[in-house]
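Handing you a structure now.
The values are calculated or read from the model by the stated rules, or taken from the named source; none is laboratory data. Predicted model only: the values in this text are computed from it and were never measured. Neighbour counts run over all protein chains shown; Cβ positions are idealised from the backbone, glycine included.
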Number of protein chains: 2
Amino acid sequence: MTQSREVRLKSRPNGMPTNDNFEICEVDVADPGPGQVLVRNHYMSVDPYMRGRMYDRKSYVPPFQVGAPLDGGAVGEVIASNSDAMPVGTFVQNGFGWREAFVAEPRQLQPVDPEVAPLSAYLGVLGMPGMTAYVGLFRAASLKDGETVFVSGAAGAVGSLAGQIAKIKGCRVLGSAGSDEKVRHLTDDLGFDYAFNYREGDLLARLREGAPDGLDVYFDNIGADHLEAALFHMRQFGRIALCGAIAVYNDASPRPGPSNLTMAIGMGLRLQGFIVSHYNDSRDDFIRDVSGWIAEGKVKYDETILDGIDQAPAAFEGLFTGRNVGKMLVKLI
Amino acid sequence: MTQSREVRLKSRPNGMPTNDNFEICEVDVADPGPGQVLVRNHYMSVDPYMRGRMYDRKSYVPPFQVGAPLDGGAVGEVIASNSDAMPVGTFVQNGFGWREAFVAEPRQLQPVDPEVAPLSAYLGVLGMPGMTAYVGLFRAASLKDGETVFVSGAAGAVGSLAGQIAKIKGCRVLGSAGSDEKVRHLTDDLGFDYAFNYREGDLLARLREGAPDGLDVYFDNIGADHLEAALFHMRQFGRIALCGAIAVYNDASPRPGPSNLTMAIGMGLRLQGFIVSHYNDSRDDFIRDVSGWIAEGKVKYDETILDGIDQAPAAFEGLFTGRNVGKMLVKLI
């Protein structure tokens, strides 16, 4: 038997999540049964999409249940094994986040190689957020070399990779972020051609300044006023990848959509909603390309790491206040 | 010299257009110069998109000018010719609507054959609205055989053909229209599987009744509440062809968009805006398929014809009050 702590949903957030919506519990994890393994997580992921699962509604993933542990991406190490296929010492990516240790079947776990990349990278640039950036650009937005691309929330885990990939493809890349420090990071460290602080000034004016000839692609992580401003500035046959809408995830009631969506008609715009699993067939391409670019030094990635499972609620809340640069993670060991 | 009447934009409409926004003027049309022809129009078209050109704003077609004649689709006959290529008696589709007669170069005119279809059909089922339906389904919405399709404004020139084409492709087809009489026409005469009056009851409830398993394709001619209801009822990977938004064309100020656009993310929905000219390379396919279907009796088309150019403003206004079944036309001769 192993001691573990886990984070449970204590109550459904109304608006912005707070510490009161979560509780951290000590639990006993049973020894692994026949064919099973015991895993101790090293890192867990907090991601904006998890906010949607805190509502009690039908969606593409089932809602979290009040009183039950949350789940999500994590990476850990097998510390006891009844499976020849997955011996002690195997590092595994898994869906049992928000907890320190757990028992699972090997088929629920994906071995990863810590020699290829640090464990934490499998939750970010080489994991779900990284693949989201990759398929969002190439599949949802049908990116072509040399186009003009705007990425909102560009300092986040998804946006920062999306912008860098677009640069690799010879694009002019604009990014928005929520602080002057992040804006400088985008231009000075990540190679964005133009970046601006979306908390200041007029979004459309900034887009016009950064892309006088308009946008071919908009990679939308924010929604709301960002989407409306981008629609006003798209070029004919432009494509918008609807990836996220972090601006509205905490809205207590539905917010009106962009008032200029009809512009899509005359301009021939495409808006393509997606989540990463819609494009699972791009997984091999993603791993090959992005690991290659990391090895060549063409892609950088940032992590904001909070320490200890008791910091998990704060890490999650920080996604909505802009506390993270790059991937937000919680270190569990 | 030939006498002609033409309709001019007297003032820009504020909200719903009225007779006061138009004036009808007598003009002298000069004799055709070298290489030119004189055309007398038989029919002129009024189309919802013309409302957009009455605003003074940048769009995909230049705005109409106050004091100048309007223009748009028409079909007429060459009554005087200085061109061997286009002798007297040639019937021509042209962009010189809203007037009885005009002089033009042959390259501005498209000969049509009144033996293949009545002249008026070249402004409807075999013209711009027909091709809009065709490319909207096959190109913008990537229609597949046997899918479930919802067409709004289904009794109009575009919608009625879109629905019939989808039926030919083995689809289950739902349509909305603005009167009980039109609804009966859709189901009893045009073969729609389910139709409803959008002025009564709850749109989403009707969609759920008509398509319990959801919609694969939504062909949007109306926008606004229709688009929002359809978004709520799309199946995963559904496609929405954004063709028109007649509900908002007369809005004096921008109207908020659908509050549920973020559903596109998890459901992987595509919204594709288009106008017919974006898909001009489908013209031959369109003519071949639709004339074939008409000849086989698989496609029916309706026309609502007002008589005389002085009725042109009323015909145009009637588009927004639902006066037409099928294509709205003005007979000029």
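Looking for something under 16 Å from residue A:276 (Cα atoms) and of a type outside the set (Lys, Arg) - is there at least one such residue anywhere in segment A:98-119?
Scanning segment A:98-119, I find no residue that is under 16 Å from residue A:276 (Cα atoms) and of a type outside the set (Lys, Arg), so the answer is no.
When you scan segment B:19-37, how many residues do you find that are over 22 Å from residue B:246 (Cα atoms) and either touching an Asp or Glu at 6+ places or on another chain (Cβ under 7 Å) or free of Cβ contacts under 8 Å to residues at least 12 places away in the same chain (or both)?
Here the count works out to 5.
While we're here: Tell me which residues, restricted to segment B:134-176, are of a type in the set (D, E, K, R) and in contact with a helix residue (DSSP H, G or I) (Cβ under 6 Å, 6 or more places away or on another chain).
B:139
Taking residue B:122 as meeting all but one of (1) part of a helix (DSSP H, G or I); (2) surrounded by fewer than 23 Cβ atoms within 10 Å (Cβ to Cβ); (3) under 18 Å from the mean Cα position of the chain (by Cα), write down the number of the exception.
It is condition (2) that residue B:122 fails.
Return yes or no: is residue A:159 assigned to a helix (DSSP H, G or I) and either surrounded by 24 or more Cβ atoms within 10 Å (Cβ to Cβ) or in contact (Cβ under 8 Å) with a residue 40 or more places away in the chain (or both)?
yes
Need the failing condition index for residue B:219 against (1) outside the structural domain of residue B:327 (by TED's automatic domain parsing); (2) assigned to a loop (DSSP other than H, G, I, E, B), just the number.
Going through (1) outside the structural domain of residue B:327 (by TED's automatic domain parsing); (2) assigned to a loop (DSSP other than H, G, I, E, B) one by one, residue B:219 breaks only (2).
With respect to the numbered conditions (1) crowded, with 21+ Cβ neighbours inside 10 Å; (2) within 12 Å of another protein chain (Cβ to nearest Cβ), which one is the sole condition not fulfilled by residue A:230?
Here residue A:230 clears every test but (2).
Then there is this: Would segment A:254-267 turn up any residue that is under 18 Å from residue A:164 (Cβ atoms), touching a residue at least 24 places away in the same chain (Cβ under 8 Å) and among the hydrophobic types (A, V, I, L, M, F, W, C)?
There is no residue in segment A:254-267 that is under 18 Å from residue A:164 (Cβ atoms), touching a residue at least 24 places away in the same chain (Cβ under 8 Å) and among the hydrophobic types (A, V, I, L, M, F, W, C).
Return a yes/no flag: does segment B:219-227 have any residue that is crowded, with 24+ Cβ neighbours inside 10 Å, modelled with pLDDT of 95 or more and more than 12 Å from chain A (Cβ to nearest Cβ).
Taking every residue of segment B:219-227 in turn, at least one turns out to be crowded, with 24+ Cβ neighbours inside 10 Å, modelled with pLDDT of 95 or more and more than 12 Å from chain A (Cβ to nearest Cβ).
Oh, and also: Given (1) over 24 Å from residue A:275 (Cβ atoms); (2) surrounded by 14 or more Cβ atoms within 10 Å (Cβ to Cβ); (3) of a type in the set (A, V, I, L, M, F, W, C), identify the lone condition not met by residue A:88.
Among (1) over 24 Å from residue A:275 (Cβ atoms); (2) surrounded by 14 or more Cβ atoms within 10 Å (Cβ to Cβ); (3) of a type in the set (A, V, I, L, M, F, W, C), residue A:88 violates only (2).
Residue-wise test of (1) closer than 23 Å to residue A:113 by Cβ; (2) touching a His at 6+ places or on another chain (Cβ under 9 Å); (3) crowded, with 16+ Cβ neighbours inside 10 Å.
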site	(1), (2), (3)
A:251	no, no, no
A:266	no, no, yes
A:278	no, no, yes
A:292	yes, no, no
A:302	yes, yes, yes
A:309	no, no, yes
A:325	no, yes, yes
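Residues checked against (1) touching a residue at least 60 places away in the same chain (Cβ under 8 Å); (2) touching a strand residue (DSSP E or B) at 6+ places or on another chain (Cβ under 6 Å); (3) more than 30 Å from residue B:242 (Cα to Cα):
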position: B:17; (1), (2), (3): yes, no, no
position: B:70; (1), (2), (3): yes, yes, no
position: B:86; (1), (2), (3): no, yes, yes
position: B:91; (1), (2), (3): no, yes, yes
position: B:97; (1), (2), (3): no, yes, no
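If you don't mind, there's one more thing I want to ask. What number of residues in segment A:44-54 are within 12 Å of chain B (Cβ to nearest Cβ) and free of Cβ contacts under 8 Å to residues at least 60 places away in the same chain?
Qualifying residue count, segment A:44-54: 1.
Per-residue answers, yes or no, for (1) within 30 Å of residue B:42 (Cα to Cα); (2) touching a strand residue (DSSP E or B) at 6+ places or on another chain (Cβ under 7 Å); (3) charged (D, E, K, R):
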{"residue": "B:113", "(1), (2), (3)": "yes, no, yes"}
{"residue": "B:119", "(1), (2), (3)": "yes, yes, no"}
{"residue": "B:123", "(1), (2), (3)": "yes, yes, no"}
{"residue": "B:132", "(1), (2), (3)": "yes, no, no"}
{"residue": "B:142", "(1), (2), (3)": "no, yes, no"}
{"residue": "B:145", "(1), (2), (3)": "no, no, yes"}
{"residue": "B:149", "(1), (2), (3)": "no, yes, no"}
{"residue": "B:159", "(1), (2), (3)": "yes, yes, no"}
{"residue": "B:169", "(1), (2), (3)": "no, no, yes"}
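Of the residues A:104, A:117, A:140, which is over 23 Å from the mean Cα position of the chain (by Cα) and aliphatic (A, V, I, L, M)?
Criteria check complete, one pass: A:104.
A further question follows. If residue B:240 meets every condition in (1) crowded, with 24+ Cβ neighbours inside 10 Å; (2) more than 22 Å from residue B:136 (Cα to Cα); (3) among the aliphatic types (A, V, I, L, M) apart from one, which number is that one?
Status for residue B:240: all satisfied but (2).
Return the residues of segment A:162-217 that are out of contact with any Lys or Arg (no Cβ under 9 Å at 6 or more places or on another chain), surrounded by fewer than 22 Cβ atoms within 10 Å (Cβ to Cβ) and closer than 21 Å to residue A:140 by Cβ; say none if nothing qualifies.
A:170, A:172
Follow-up. Collect the residues in segment A:224-236 that are acidic (Asp, Glu) and either touching a strand residue (DSSP E or B) at 6+ places or on another chain (Cβ under 9 Å) or part of a loop (DSSP other than H, G, I, E, B) (or both), keeping them in residue-number order. Quick ask: steps written out before the conclusion?
Kept after step one, since they are acidic (Asp, Glu), are these residues of segment A:224-236: A:225, A:228.
Matches in segment A:224-236: A:228 only.
Follow-up. In segment B:3-11, is there at least one residue being of a type outside the set (A, V, I, L, M, F, W, C), away from chain A (no Cβ under 14 Å), in contact with a helix residue (DSSP H, G or I) (Cβ under 6 Å, 6 or more places away or on another chain) and under 24 Å from residue B:275 (Cα atoms)?
No; the residues of segment B:3-11 include none that is of a type outside the set (A, V, I, L, M, F, W, C), away from chain A (no Cβ under 14 Å), in contact with a helix residue (DSSP H, G or I) (Cβ under 6 Å, 6 or more places away or on another chain) and under 24 Å from residue B:275 (Cα atoms).
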